[in-house]
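**Q** First the structure, which I've put down as structure tokens, then a few questions once you've had a look.
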Amino acid sequence: MAGREKGRMQPIRNRTKISEMKHWLLYNKGVKYSFLFDLGINSGLRVSDLLKLKVSDVRNKKVLYLIMEKTEKELAVHLNPYIQSEIARYIEFKEDKEYLFSSREGVNRPLTRQMISQTFKEAAGALGLEKVNTHTMRKSFGYWYYKEKKDVYFLMKLFGHNTQTQTLQYIGIEDDEIANTLQDFSL
């Protein structure tokens, strides 16, 4: 497929790099991109679902109810207290009818996936990260959620996967386990 990178996109497996990504985006691209990344890694939503959100969809909400664009399934996304406060701060002076992540091109239009992907790749390059694009937010959410909670069932539901193996492969846990088993193996 033209325009797609070879190899699977990966989660960011280092919390310091996640913080660095937020800061790089904030200081080099602005609040909008930093907040988009923050919301993505704290919700597990696809970028296509994030881009269709309007301010009214998130104002004073603890749970987002939406129909996922890719699967057309209804999903309830529970927002943690941290991201609720970040949302409140981000939308404080925005009108309900505005897209959460509006583009500067056109009137009340959302950013494009391509623009975000280009921006994330630029940030990743500056931070020495590889295999990063918009999907990395979702994979990073899953990776860190699994590392802390060990709850594959929740991730399967959120991601729309049919098996635990599929979910673990998707978030890169299988890759980590293979690498760990080879650390002290030799012949």
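**Q** Just name one of PRO81, ALA124, ILE67: the one whose Cα is farthest towards the positive end of the charge dipole of the chain (beta-carbon charges, Lys/Arg +1, Asp/Glu -1).
**A** It is ILE67, whose Cα lies furthest towards the positive end.
**Q** Take the alpha-carbon centre of region 109-128, take the same for region 153-187, and report the distance between them in whole Å.
**A** Here the answer is 26 Å between Cα centres.
**Q** Does region 97-164 classify as rounded, prolate or oblate by the C-alpha gyration tensor (a ≥ b ≥ c root eigenvalues; a/c under 1.5 gives rounded; else a/b over b/c gives prolate, otherwise oblate)?
**A** oblate
**Q** Which value, in debye to the nearest 20, describes the size of the charge dipole of region 74-121 about its Cα centre when Lys and Arg Cβ atoms bear +1, Asp and Glu Cβ atoms bear -1, and nothing else is charged?
**A** Magnitude of the dipole: close to 280 debye.
**Q** Please say if region 1-100 is rounded, prolate or oblate, where rounded means a/c under 1.5 for a ≥ b ≥ c the square roots of the C-alpha gyration tensor eigenvalues, and otherwise the choice is prolate for a/b larger than b/c and oblate otherwise?
**A** Judged from the Cα gyration tensor, region 1-100 comes out oblate (a/c at least 1.5, b/c at or above a/b).
**Q** In Å², what does the accessible area per residue of the chain work out to with a 1.4 Å probe?
**A** Roughly 60 Å² per residue, with all protein chains present.
**Q** List the GluC sites (Glu not before Pro) in region 85-187 that DSSP assigns to loop (not H, G, I, E or B) and whose Cβ has at most 14 other Cβ atoms within 10 Å. Which are they?
**A** Sparse-neighbourhood loop GluC sites (Glu not before Pro): GLU92, GLU95, GLU98, GLU105, GLU130.
**Q** I'd like the trypsin sites (Lys or Arg not before Pro) in region 145-187 restricted to DSSP loop residues with at most 15 other Cβ atoms within 10 Å, sorted by number.
**A** Sites meeting the loop and neighbour criteria: LYS150.
**Q** Show me, for region 52-68, the HN-Hα J-couplings you get by feeding each phi into the Karplus relation (A = 6.51, B = -1.76, C = 1.60, θ = phi - 60°), rounded to Hz, glycine and proline as x.
**A** 8, 6, 10, 4, 4, 6, 10, 4, 6, 10, 9, 9, 9, 10, 8, 9, 5
**Q** Taking the Cα centre of region 2-148 as origin and charging only Cβ (+1 Lys, Arg; -1 Asp, Glu), how large is the dipole, in debye to the nearest 20?
**A** 380 debye
**Q** To the nearest 20 debye, what charge dipole does region 38-121 have about its Cα centre, counting +1 at the Cβ of each Lys and Arg and -1 at the Cβ of each Asp and Glu?
**A** Rounded to the nearest 20 debye, it is 140 debye.
**Q** Any idea of LYS131's accessible area? Nearest 10 Å², probe 1.4 Å.
**A** 90 Å²
**Q** Okay, moving on. Roughly speaking, to the nearest percent, how much of region 1-103's 1.4 Å accessible area is carbon and sulfur?
**A** 50 percent
**Q** Placing +1 on the Cβ of each Lys and Arg and -1 on the Cβ of each Asp and Glu in region 1-74, which of ASN42, GLY30, ILE12 has its Cα farthest towards the positive end of the resulting dipole?
**A** ILE12
**Q** Among (i) 17.9, 72; (ii) 18.0, 57; (iii) 17.0, 64, which is the computed Rg and Dmax of the Cα atoms in Å?
**A** It is the value labelled (iii).
The values are calculated or read from the model by the stated rules, or taken from the named source; none is laboratory data. Fair warning: this is a prediction, and the values are worked out from it, not measured in the lab. Every residue, glycine among them, receives a Cβ derived from its backbone with ideal geometry; neighbour counts consider all protein chains shown. The protein model used for the area step is the full one, side chains on, heavy atoms only, and it has no ligands, DNA or RNA in it. Shrake-Rupley method; radii C 1.70, N 1.55, O 1.52, S 1.80 Å.
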